[in-house]
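Peer 1: First the structure, then my questions, so here it is.
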Amino acid sequence: MKEVTITELRRNIFQLIDEALATGEPLVVSRKGRRLILAGETPAFPPVESEEQREERWRKFWAEPPPPGWEGYDLSFETLDGALKADWQWDGEPELDR
């Protein structure tokens with residue numbers, strides 16, 4: 001960690017902050033015997049991946065065997081489409097409770 005005084009920070013704030021962000025090293029500011037630590041933020045979202053990285057990730061995903069317990073399931077488009085249509089098919093008027 002790089003330690004600077006408040007006076008040095010005031011004189012070189014842009015340079016010191018750019019340096020801290022570039023290196024990832026926190027900046028410690030001292031004032032009257034107390035310290036303040038300035039550190040870069042960790043991004044909330046992962047960095048955007050390239051097209052090649054995305055394709056490689058999907059290649060690995062589809063190359064892996066199914067999880068345990070999923071061996072007997074047919075997850076083809078036709079099976080899923082048929083299940084969806086059967087689930088949402090209208091089978092008449094609802095009966096009212098009397």
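The values are calculated or read from the model by the stated rules, or taken from the named source; none is laboratory data. Bear in mind that the values here come from a model prediction, so they are computed numbers and not experimental data. Cβ sites come from the backbone with ideal geometry, for glycine too, and all protein chains shown count toward neighbours.
Peer 1: Give the residues of region 43-81 that are of a type outside the set (A, V, I, L, M) and within 30 Å of residue 2 (Cα to Cα), sorted by residue number.
Peer 2: Selection gives 43, 45, 46, 47.
Peer 1: If I filter region 1-37 down to residues being surrounded by 10 or more Cβ atoms within 10 Å (Cβ to Cβ) and assigned to a loop (DSSP other than H, G, I, E, B), which single residue comes out as modelled with the lowest pLDDT?
Peer 2: 1
Peer 1: Assuming residue 80 fulfils every condition listed in (1) loosely packed, with under 10 Cβ neighbours inside 10 Å; (2) in a helix (DSSP H, G or I) apart from one, which condition is it?
Peer 2: (1)
Peer 1: A follow-up question, please. Does residue 40 fit the bill of being outside any helix (DSSP H, G or I), within 30 Å of the chain's Cα centre (by Cα), of a type in the set (Gly, Ala, Ser) and more than 30 Å from residue 1 (Cβ to Cβ)?
Peer 2: no
Peer 1: How many residues does region 22-34 hold that are in contact (Cβ under 8 Å) with a residue 12 or more places away in the chain and under 12 Å from residue 2 (Cα atoms)?
Peer 2: 7
Peer 1: Can you find even one residue in region 50-58 that is surrounded by fewer than 10 Cβ atoms within 10 Å (Cβ to Cβ) and either of a type in the set (S, T, N, Q) or in contact (Cβ under 8 Å) with a residue 40 or more places away in the chain (or both)?
Peer 2: Yes, there is a match, as at least one residue in region 50-58 is surrounded by fewer than 10 Cβ atoms within 10 Å (Cβ to Cβ) and either of a type in the set (S, T, N, Q) or in contact (Cβ under 8 Å) with a residue 40 or more places away in the chain (or both).
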